[in-house]
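Colleague: Once you've had a glance at the structure underneath, I'll fire off some questions.
Taken together, the values in this text are just the output of simple stated rules run on the coordinates, not laboratory data. These numbers were taken from a predicted model, which means no experiment stands behind them. With ideal geometry, Cβ positions are generated from the backbone for all residues, glycine too; neighbour counts draw on all protein chains shown.
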Amino acid sequence: MDLQEFQTRHGLRFRDTALLQQALTHRSFLNEQEDVDLPDNERLEFLGDAVLDFVITRVLFARYPRMPEGDLTRLRAALVRTDTLADVAAELQIGEVLRMGRGEELTGGRQRRNLLCDAFEALLGALYLDQGLEPAADFVMPLLMPLVEYILAEGLHIDARSKLQEWSQAVLGETPVYEVVAEDGPDHEKEFTVRILIGDHTICEGQGRSKQLAAQAAARAALKLQEAGELSVPLS
């Protein structure tokens, strides 16, 4: 897929296609080019990150007028974290048009989630420079806002580990312990399984694309058991 097809598929029309090309250029590509002075996408990523934060903040502030600041902050964080943006970038097939070095590509770079996330933010930064804030917002909002209700329903914006720890220490006098019990998949697409122990008892497990996400998934599962009155831990 070339850049023209990429733009057509996603309703983009850059005035300065050099900005689009820069947004889709990983530094590893330039490392393998001799005597070429071209910019990579890192500065655009920096800009796009700020644009994304502002756009999401503005929409959440207007959509949820009664939501406390802390909940708004956690909801925004869930929307702009690496895994969320990497999923969106994969849907846009950014990996197919991302320029990268041969070595990076051979080690799974086109599927590497942090690279996809960075390229998506760089694309947003490039669009902001090319056309301004509102076109950038119009591009990103349909991609991210449908996820809001799912995040709220599943409690993905809640720090489940902290909530579980507060309950466990108050009720059981124990601090939950998290252990990685499995790592599956290639390096660029790892799936981790983490289990929770309270005292000597295994409570439940969770999976995720990082140890932190797997631990949060396990904690959410434990909280659901606790809320249903099904979390039973023998007291020593």
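Colleague: Please give the length that would be gained between Tyr150 and Thr57 if that part of the chain were fully extended, namely 0.36 nm times their separation in residues minus their C-alpha to C-alpha distance (nm, one decimal).
Modeller: 31.7 nm
Colleague: Output wanted: per-residue J couplings in Hz (rounded whole) for region 136-147, from phi through Karplus 6.51 cos²θ - 1.76 cosθ + 1.60, θ = phi - 60°, x for Gly and Pro.
Modeller: Karplus-based 3J(HN,Hα) across region 136-147 equals 5, 5, 4, 6, 7, 4, x, 7, 9, 5, x, 7 Hz.
Colleague: Still on this structure: Report ³J(HN,Hα) in whole Hz for each residue of region 159-167, in order, from the Karplus equation J = 6.51 cos²θ - 1.76 cosθ + 1.60 where θ = phi - 60°; Gly and Pro get x.
Modeller: My calculation for region 159-167 gives 7, 5, 5, 5, 5, 5, 5, 4, 5 Hz in order.
Colleague: Further question: Could you go through region 88-95 in sequence order and give the Karplus-derived ³J(HN,Hα) for each residue, using 6.51 cos²θ - 1.76 cosθ + 1.60 with θ = phi - 60°, rounded to whole Hz, and x for Gly and Pro?
Modeller: So the Karplus estimates, Gly and Pro as x, are 5, 4, 5, 4, 7, 6, 4, x Hz.
Colleague: Placing +1 at every Lys and Arg Cβ and -1 at every Asp and Glu Cβ, with all other atoms neutral, what dipole size does the chain have around its Cα centre, in debye to the nearest 20?
Modeller: Taking the Cα centre of the chain as origin, the dipole is about 660 debye.
Colleague: Using only the alpha carbons of region 56-96, what is the convex hull's orientation-averaged projected area in square nanometres?
Modeller: Mean shadow area of the hull around the Cα atoms is 3.1 nm².
Colleague: Another question about this same structure. On a straight-distance basis, which lysines could pair with Lys190 in a cross-link, Cα separation under 20 angstrom, same-chain partners fewer than 8 positions away excluded?
Modeller: Here the lysines satisfying the reach criterion relative to Lys190 are Lys211.
Colleague: Starting from the Cα of Ala182, step 7 Å along the direction of its Cβ; do the same at Arg15; then give the gap between the two resulting points in nm.
Modeller: Spacing of the two 7 Å Cα→Cβ label points: 5.3 nm.
Colleague: Name the residues whose placed amide hydrogens come within less than 5 Å of the amide hydrogen of Ile203, ignoring near sequence neighbours (fewer than 5 apart) on the same chain.
Modeller: Here Ile196, Leu197, Ile198 satisfy the definition.
Colleague: Could you pull the Rg and Dmax for region 160-227, using just the Cα atoms, both in Å?
Modeller: Gyration radius and largest Cα-Cα distance of region 160-227: 12.1, 40 Å.
Colleague: Given the DSSP H assignment, sum -39500 (n - 2.57) over each helix run of at least 4 residues in the chain and divide by its residue total; what's the result at 222 nm in deg cm²/dmol, nearest 500?
Modeller: After summing the helix terms and dividing by residue count, I get -18000 deg cm²/dmol.
Colleague: Within 10 Å, count the other beta carbons around each residue, average over each peptide in 8-18, 49-59, and list them highest first.
Modeller: 49-59, 8-18
Colleague: Which log10 I(q)/I(0) values does the chain give at q = 0.10, 0.18 Å⁻¹ under the Debye formula, counting every alpha carbon as one identical point scatterer?
Modeller: After summing over all Cα pairs, the log10 values are -0.58, -1.27.
Colleague: Related question: Could you order the peptides 167-177, 69-79 from most to least packed, using the average number of other C-beta atoms within 10 Å per residue?
Modeller: 69-79, 167-177
Colleague: Next question. What angle, in degrees between 0 and 90 and rounded to the nearest 10, separates the Cα long axis of helix 211-227 from the longest principal axis of the Cα atoms of the chain?
Modeller: 40 degrees
Colleague: Here's something else I'd like to know. Count charges around Gln207 for me, please; just the other residues with Cβ under 12 Å from its Cβ, Lys/Arg as +1, Asp/Glu as -1.
Modeller: +1
Colleague: May I pose another question? Long-range amide H contacts for Arg99: which residues qualify at under 5 Å (H placed 1.01 Å from N, peptide plane, sequence gap of 5 or more or a different chain)?
Modeller: Thr25, His26
Colleague: Separation between the Leu38 and Leu172 pseudo-spin-labels, each 7 Å from Cα along Cα→Cβ, expressed in nm?
Modeller: It works out to 5.5 nm between the two label points.
Colleague: Right, another one. In nm, to one decimal, how far is the Ser162 label point from the Lys211 one, both placed 7 Å along Cα→Cβ?
Modeller: Placing both labels 7 Å along Cα→Cβ, they lie 2.1 nm apart.
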